[in-house]
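The structure appears right after this line, and notes come after that.
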Amino acid sequence: QQQVKQSPQSLIVQKGGISIINCAYENTAFDYFPWYQQFPGKGPALLIAIRPDVSEKKEGRFTISFNKSAKQFSLHIMDSQPGDSATYFCAASTRGSQGNLIFGKGTKLSVKP
Amino acid sequence: GAGVSQSPSNKVTEKGKDVELRCDPISGHTALYWYRQSLGQGLEFLIYFQGNSAPDKSGLPSDRFSAERTGGSVSTLTIQRTQQEDSAVYLCASSPTGTSSEQYFGPGTRLTVT
């Protein structure tokens with residue numbers, strides 16, 4: 001049972017464009033939703049995270065939009081750059097649990113110059 | 001400050017041999033997690049430590065897998081009698097408190113079982 005579904009699997013965007021990655025979850029007990037960025041040969045790096053008491057969080061060019069009723073959240077990368085080319089993972093965890101993250105399967109983003 | 005470190009970075013072993021993977025978490029982080037990332041797959045939770053205790057071992061794929069953490073710091077993941085399906089990147093993460101807080105990942109150990 002996949003608790004966090006991520007789409008698309010891969011994404012190609014032109015430099016300067018907007019990259020949008022979507023995730024949907026099933027467990028309404030999830031209360032923490034981070035996004036991780038992973039470059040080849042490296043561990044995932046925490047990019048941005050949101051809790052369900054807000055609908056949007058912005059950090060620089062990265063924005064998380066959160067829709068609690070639809071059980072969906074998305075990552076928007078504005079003014080995408082070739083250096084943003086990486087694999088992005090959404091994840092979720094539950095308050096009161098040990099906090100282990102349930103990950104989506106990842107989106108490979110390629111930003112073309 | 002120093003991040004999460006893991007060693008070795010790469011390990012090639014023969015089927016049937018035992019391997020030990022090491023994780024040094026960020027100093028002061030009480031929670032430590034092991035995940036496995038198989039080729040083209042997402043990250044799969046293996047085990048969680050709060051201090052030295054592991055309240056949840058349900059993610060370990062078989063009894064060939066075990067882990068320990070000593071002194072509330074360094075952790076070792078041991079795989080006995082390795083199989084080819086164990087080939088993956090093993091990632092360690094630490095968190096200040098666990099329980100829905102930020103997790104910081106190490107670079108991983110790439111394990112190849114031949």
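A few notes on this one:
- Scanning the stretch B:39-59 for residues that are within 20 Å of A:Ala92 (Cβ to Cβ) and either outside any strand (DSSP E or B) or more than 12 Å from chain A (Cβ to nearest Cβ) (or both) returns B:Gln41, B:Gly42, B:Ser58, B:Gly59.
- Among the residues making up the stretch B:89-114, those that are at pLDDT 95 or above, within 7 Å of chain A (Cβ to nearest Cβ) and not in a strand (DSSP E or B) are B:Gly106, B:Pro107, B:Gly108.
- B:Leu32, sole failed condition from (1) more than 10 Å from every other protein chain (Cβ to nearest Cβ); (2) part of a strand (DSSP E or B); (3) modelled with pLDDT of 95 or more: (3)
- If you filter the stretch A:58-93 down to residues that are within 14 Å of chain B (Cβ to nearest Cβ) and among the polar types (S, T, N, Q), you find that the one that is surrounded by the most Cβ atoms within 10 Å (Cβ to Cβ) is A:Ser93.
- Take the conditions (1) in contact with a Cys (Cβ under 8 Å, 6 or more places away or on another chain); (2) crowded, with 18+ Cβ neighbours inside 10 Å; A:Val13 misses just one of them, which is (1).
- Any hit, the stretch B:60-73, residues being more than 14 Å from chain A (Cβ to nearest Cβ), in contact with an Asp or Glu (Cβ under 8 Å, 6 or more places away or on another chain) and in a strand (DSSP E or B): no
The values are calculated or read from the model by the stated rules, or taken from the named source; none is laboratory data. No experiment lies behind these values; they were computed from the predicted model shown. Because the Cβ atoms are built from the backbone with ideal geometry, glycine has one as well, and the counts that use them run over all protein chains shown.
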